[in-house]
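Quick notes on the structure that follows.
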Amino acid sequence: MTNTINNTLRWRQLLDKVFFGVICFFSALSVLPLILILGYLLVKGVTSLNWQFFCRVPQPLGETGGGILNALCGSLLLLAVAFLLAVPLGLFVGIYLAENKKNRLADCARLSVEILQGVPSIVIGLVLYTWLVLPLKSFSALAGGAALALMMLPVSVRSTEETLRLIPPELKEAALALGVPYYRTILRVVVPSGLSGIVTGVLLSLARVAGETAPLLFTAFGNPFLSLALFQPIESLPHLIFYYATSPYAEWHRLAWGASFVLVAGVLFLNLAAKFLTRRWRVQF
C-alpha cells in the first residue's frame with residue numbers, strides 16, 4: 001500500500017515537472033521571433049546608419065548616399081496630427097463610457113468603438129481617400145494623420161475607460177461631498193488618478209499606428225522632398241520602406257533596411273516608455 005502511494009506521488013511530481021518544462025519551452029519560443037527579427041534588422045540596417053542618413057533626403061536615381069530626413073519629419077508630423085485628432089476625443093469618450101456603464105448611448109458608443117477597432121487599415125485609408133483626398137484634390141498630411149487618428153481612437157478610448165473604471169468610486173464621492181463641482185472632480189481627481197494608464201494607452205496607440213503603411217498609400221502617398229505642409233503629399237517611414245524595398249536598386253534597398261531599423265527602434269522606444277511611465281506614475285489605492 002505504501003509503495004503504491006509513493007509511486008503515485010512520484011508519478012504526479014514527474015507530470016508536474018514535465019508540464020512546467022513544456023510551458024517554459026513555449027514561453028521561450030514566443031520570444032524567439034522577436035529576437036530573430038531584431039537581430040536580422042540590426043545586421044541589415046545598422047550598416048546604413050550614419051550622420052547623413054538622418055540629415056539628408058534621398059538622392060536621385062543613380063547617385064549613392066542620401067538619407068531619410070523627409071520620411072522622419074513626415075512620420076513625426078503624421079503622428080502629431082493623429083495625436084491631436086484622436087487623443088482629446090478618445091479621452092472624453094473614455095470618461096463618458098467609464099461614468100455611464102449602463103446607458104443606451106454608452107452601449108452604442110462602446111459597440112461602435114469595438115467595431116472600428118476591427119476595421120482593416122486599408123479600408124480606413126480608402127474611406128479617408130474619399131472623404132478628404134478627393135474633395136481637396138490632393139494627397140496630404142492632414143488626410144494621412146486623420147487616417148491614423150481613426151486607428152488610434154479605439155485604443156485611446158478603451159484604455160481610458162478601463163483605467164478610470166479601476167479608480168475607487170470613494171475618491172469621486174469624497175470630492176463631490178466636499179462640494180467640488182462634477183467637472184472639476186473628473187478633471188482634477190479622477191483623471192489624474194488614472195494618468196499612468198491613460199498615457200500608456202496613448203503611447204501604445206502611437207506605437208500601433210507608427211508602422212502602418214496601407215492607409216498612407218491612399219492619403220499621404222509619399223514625397224521625395226522634405227515637406228511639412230499639411231495640405232501637400234508627405235513622405236513617411238512605412239511608405240519609404242515599402243517603395244524602396246520593392247525597387248530593383250541596391251542603394252534603395254540599403255535605405256529601406258536602415259529605415260526599417262529606425263522604425264522598429266522607435267516603436268520599441270514607445271513600448272518601453274509606456275512600461276516605464278506605468279511603473280513611475282502608478283497610483284496605489
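GNM on the chain, C-alpha springs below 10 Å: top fluctuator among G74, G258, G118?
In this elastic network of the chain, the residue with the biggest mean-square fluctuation among G74, G258, G118 is G118.
Under the classification rounded if a/c is under 1.5, otherwise prolate if a/b is larger than b/c and oblate if not, where does the range 76-127 fall, given a ≥ b ≥ c as square roots of the Cα gyration tensor eigenvalues?
Because a/c hits 1.5 or more and a/b fails to exceed b/c, the range 76-127 counts as oblate.
Quick one: net charge around I241, please, counting Lys, Arg +1 and Asp, Glu -1 for every other residue with C-beta under 14 Å from its C-beta. Mind showing how you got there, number by number?
On the way: positive: K44, R254; negative: E212, E235.
Its environment carries a net charge of 0.
Hey, got the dipole for the chain? About the Cα centre, +1 on K and R Cβ, -1 on D and E Cβ, debye to the nearest 20?
Working: 21 positive and 12 negative charges, 153 e Å.
My answer is approximately 740 debye.
In whole percent, and with a 1.4 Å probe on the protein chains, what portion of the accessible area of the range 134-285 is carbon and sulfur? List each step's numbers first, then the result.
Numbers: 5270 of 7740 Å².
Carbon plus sulfur share of accessible area: 68 percent.
Taking the Cα centre of the range 38-111 as the origin, how large is its charge dipole in debye, to the nearest 20, when only Lys and Arg (+1) and Asp and Glu (-1) carry charge on their Cβ atoms?
Details: 6 positive and 3 negative charges, 62 e Å.
Taking the Cα centre of the range 38-111 as origin, the dipole is about 300 debye.
Averaging sequence separations of C-alpha pairs under 8 Å and six or more residues apart, then dividing by the length of the chain, give the relative contact order as a whole percent. Walk me through the intermediate numbers first.
Values: 373 pairs, mean separation 71.0, N = 285.
With pairs under 8 Å counted, the relative contact order is 25 percent.
Counting only complete DSSP H runs, which helices of the chain cover 30 Å or more along their long axis at the Cα atoms and score a mean Kyte-Doolittle of 0.0 or above?
Details: long enough: 2-45 (64 Å, 1.03); 69-99 (44 Å, 2.07); 141-165 (35 Å, 0.75); 250-280 (44 Å, 0.74).
The answer, listed by residue number, is 2-45, 69-99, 141-165, 250-280.
Under a Cβ-Cβ cut-off of 15 Å, what is the net charge of the residues other than F54 that fall near it, where Lys and Arg count +1 and Asp and Glu count -1?
Details: positive: R56, R254; negative: E235.
After counting each charged neighbour, the total is +1.
Considering only V180, L206, L195, whose Cα is most displaced toward the positive end of the charge dipole of the range 173-263, charges sitting on Cβ of Lys, Arg (+1) and Asp, Glu (-1)?
Of the candidates, V180 comes out farthest on the positive side.
Probe of 1.4 angstrom, ligands and nucleic acids ignored: what's the accessible area per residue over the range 1-49, in square angstrom?
Working: 4280 Å² over 49 residues.
Per-residue accessible area for the range 1-49 comes out at 87 Å².
From the residues V22, V43, S121, which one has its Cα farthest along the dipole of the range 1-146 in the positive direction, the dipole being from +1 and -1 charges on Cβ of Lys/Arg and Asp/Glu about the Cα centre?
Comparing the listed Cα positions along the dipole, V22 ranks first.
Can you give the helix-only mean residue ellipticity at 222 nm for the chain, where every DSSP H stretch with n ≥ 4 adds -39500 (n - 2.57) and the sum goes over all residues, rounded to the nearest 500 deg cm²/dmol?
Values: 12 runs with 202 residues, N = 285.
About -23500 deg cm²/dmol.
Tell me the per residue accessible area of the range 68-201 using a 1.4 Å probe; a whole number in Å² is fine.
Values: 6740 Å² over 134 residues.
Averaged over the residues of the range 68-201, the accessible area is 50 Å².
Could the peptides 6-19, 200-213 be put in order, highest first, of the mean number of other beta-carbon atoms found within 10 Å of their residues?
Working: 6-19: 9.9, 200-213: 21.2.
Order by mean packing, descending: 200-213, 6-19.
For Rg/Rh (Cα atoms, Kirkwood Rh), several values are listed as (1) 1.06; (2) 1.08; (3) 1.11; flag the one computed from this structure.
(3)
Could you tell me the distance between the Cα centroids of the range 142-169 and the range 6-23, to the nearest Å?
Rounded to whole Å, the Cα centres lie 45 Å apart.
Sum up the charges of everything whose Cβ sits under 9 Å from the Cβ of M151, counting Lys and Arg as +1 and Asp and Glu as -1, but leave M151 out. Numbers along the way, then the final one.
Values: positive: R208; negative: E212.
Overall, the nearby charge balance is 0.
Just tell me which aspartates and glutamates come within less than 17 Å, Cα to Cα, of K102; anything on the same chain fewer than 8 places away is out.
Leaving aside aspartates and glutamates fewer than 8 places away in the same chain, those within reach of K102 are E114, E161, E162.
The values are calculated or read from the model by the stated rules, or taken from the named source; none is laboratory data. Since this is a predicted model, take the numbers as computed values, not measurements. A quick note on method: Cβ atoms are made from the backbone with ideal geometry, for glycine too, and the neighbour counts reach across all protein chains shown. When the accessible area is computed, the model is the full protein with side chains, heavy atoms only, and any ligands, DNA or RNA have been set aside. Shrake-Rupley method; radii C 1.70, N 1.55, O 1.52, S 1.80 Å.
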